Amino acid sequence: MHFHQLLRDYLEVHGYWVLFIGTFLEGEAILIMAGFLSFQGYLNPGGVILTAFAGSFLGDQFFFYLGRFQGKSLLRRFHFIARRFREALRLIEKYGAFVAFISRFTYGFRIILPVILGITSLPSRTFLFINLGSALVWAVIFSMAGYLFGKSASLFLEDVSTYEPYLLVSLIGLIMIAWMFHAYQAWKSKKPARIRLARMRALRQSHLEKP
């Protein structure tokens, strides 16, 4: 009971602010956790969705306008943005304005894509409406993922509250596994490019070493 009361007291004061900041910046993991905690009664499910929607929507709006007004400067200052720029442009060429909808669902591009969309000629009004729909869908999907995790656990456990700390750890573990899987897939997809780059460097080095 002590653990439950401490968690409840903390979340009543800070829960929604932590969720808002987390979803403003990135947010899938913290939103799934919030969904589970809403099943447990620590947070209101509707409040979780509304807070996540607001944080996600305002976050992408902020990064879009950051790209619109400071994009070229960011490309010069931050090499990782410049490296992602070409990849993001390929996505934009392939999917068009729909990229604004899927940006928060794409691994490694959550923040970068809105910045780059801000650099492009995409109208601000178009991004606004797409972002509204995308943020709402995203907030519902990931909060419900956490909620349904708790619901599924209740089918097998007589008293979910008794096992709550273990379920939280298990949920964190599942999120980390999913993150590592996405990271591995991203690394694997870039392997051909790394091989070509290594060959080019080796070839250039061999030319430099020739008398």
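We did not get these values from a lab; they are worked out from the coordinates using the rules stated. The structure presented is a predicted model; accordingly, all values stated were derived computationally and were not measured. Every residue, glycine among them, receives a Cβ derived from its backbone with ideal geometry; neighbour counts consider all protein chains shown.
The table below gives the values:
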quantity	calculated
Net lengthening on full extension, Leu168/Leu25 (0.36 nm per residue, minus Cα-Cα)	49.3 nm
Loop sites in segment 70-112: chymotrypsin sites (Phe, Trp or Tyr not before Pro), DSSP, at most 15 other Cβ within 10 Å	Phe78, Tyr107
Potential extension, Glu158-Arg83 segment - 0.36 nm per residue separation minus Cα distance	21.9 nm
Binned Cα-Cα distances of segment 2-161, short to long, each 5 Å bin given as a whole percent	2, 9, 18, 18, 16, 12, 9, 7, 5, 3, 1, 0
Per-residue HN-Hα couplings for segment 50-62 [Karplus 6.51, -1.76, 1.60; θ = phi - 60°; Hz; x = Gly/Pro]	5, 5, 5, 4, 5, x, 5, 4, 5, x, 5, 4, 4
Full-extension gain in nm, Leu148 to Ser124, via 0.36 nm per residue minus C-alpha separation	5.1 nm
